[in-house]
């Protein structure tokens with residue numbers, strides 16, 4: 001594992017970073033992008049290092065993506081800190097993610113605020129997650145509303161999830177109904193979530209199925225959880241968790257791993273829980289320690 005840097009690195013020479021990632025990719029960058037799409041992040045990192053050294057258009061964005069998708073937070077932190085220190089503030093939101101994952105909450109907040117100051121709307125989601133983890137719900141909600149109103153595809157669903165978790169089902173219903181739009185498929189999942197929480201199971205199931213057809217980012221995982229906890233159908237839930245894995249939905253590793261562990265199949269579930277823990281999932285870290293008979297709070 002790469003050692004954790006304490007501060008952004010000094011002015012080491014970096015190739016010029018394109019002002020926009022929309023530029024056509026260079027040859028090595030295109031190869032790296034293909035490897036990322038295939039889930040071969042380790043190979044992609046090696047190729048993209050060379051693409052960055054060659055100053056290819058798009059290489060810096062792709063290498064940042066590779067580090068973040070691989071959960072290599074310290075490598076991401078080193079790379080992104082250098083870019084932001086050189087004035088490339090469009091990487092500030094991604095720097096905030098890396099800082100948050102390495103536990104540097106104060107600097108993460110600074111990075112997210114820098115990103116928002118420069119119009120990086122997507123940072124609203126990640127900043128809201130950081131605030132929610134700190135119990136700052138009232139600060140997180142306006143950020144997500146801002147992003148949702150601006151058309152961000154994930155913000156409405158994240159806002160509904162936040163409101164449900166904070167116990168405000170009435171507000172969650174209002175938000176879900178307001179933003180429901182098949183053009184933003186995850187809003188359909190959010191509407192399904194509030195229907196399930198309101199006891200309208202049949203309507204919820206129909207919406208989950210529709211969201212899966214529309215390609216919502218977390219449709220199968222959410223539907224699987226509904227089938228497990230509302231319908232009590234473990235076999236159908238497992239099929240949906242497997243579909244979540246096949247579609248590489250966010251958090252599928254922990255969903256599937258926890259299901260298998262709870263089903264008495266700890267040996268089968270452990271690799272998935274370990275993968276989720278390696279990606280920084282705190283619940284997975286705790287569950288992995290329990291599987292291994294360790295105290296998760298024992299340093």
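Each reported figure results from applying straightforward, stated rules to the coordinates on display, with no laboratory input. For clarity, every value in this text was computed on a predicted model and none was experimentally measured. As a convention, Cβ positions derive from the backbone with ideal geometry for all residues, glycine included, and neighbour counts pool all protein chains shown.
Our summary of shape: the Cα atoms of the chain have principal axis extents of 58, 44, 39 Å, ordered from largest down, in whole angstrom. Each part reduced to its alpha carbon centroid, the range 224-255 and the range 23-75 end up 30 Å apart.
When the alpha carbon gyration tensor of the range 251-299 is reduced to an equivalent ellipsoid, the three semi-axes, largest first, read 16, 13, 7 Å.
Sorting 86-96, 182-192, 34-44, 145-155 by their mean Cβ neighbour count within 10 Å, with the most densely packed peptide first, gives 182-192, 86-96, 145-155, 34-44. Across the range 132-180 the C-alpha pair distances fall into 10 Å bins from zero in the proportions 29, 60, 11 percent.
Across 229, 67, 179, mean-square fluctuation computed from a Gaussian network of the chain (C-alpha pairs under 10 Å connected) peaks at 229.
Summed over qualifying helices (DSSP H, 4 residues or more, each -39500 (n - 2.57)) and divided by its residue number, the chain shows a 222 nm mean residue ellipticity of -20500 deg cm²/dmol. Working ranking of peptides 171-178, 232-239 by packing, defined as the average number of other Cβ atoms within 10 Å per residue, highest first, is 171-178, 232-239. Peptides 73-83, 198-208 ranked from most to least packed give 73-83, 198-208, packing being the mean of other C-beta atoms within 10 angstrom over each peptide's residues.
Pairs of Cα atoms nearer than 8 Å and 6+ residues apart set the relative contact order; for the range 155-299 it is 12 percent. Using the Cα coordinates of the range 154-299, the gyration tensor eigenvalues translate into equivalent-ellipsoid semi-axes of 28, 17, 14 Å, sorted from longest to shortest. Could you work out how far helix 266-278 tilts from the main Cα principal axis of the chain, as a 0 to 90 degree angle to the nearest 10? Tilt relative to the chain: about 40 degrees. Note: relative contact order over the chain, using C-alpha pairs below 8 Å and six or more positions apart, is 8 percent.
If you sort the three axes of the alpha carbon gyration tensor as a ≥ b ≥ c, you get a/c of 1.5 or more for the range 218-265 and a/b no higher than b/c, which makes it oblate.
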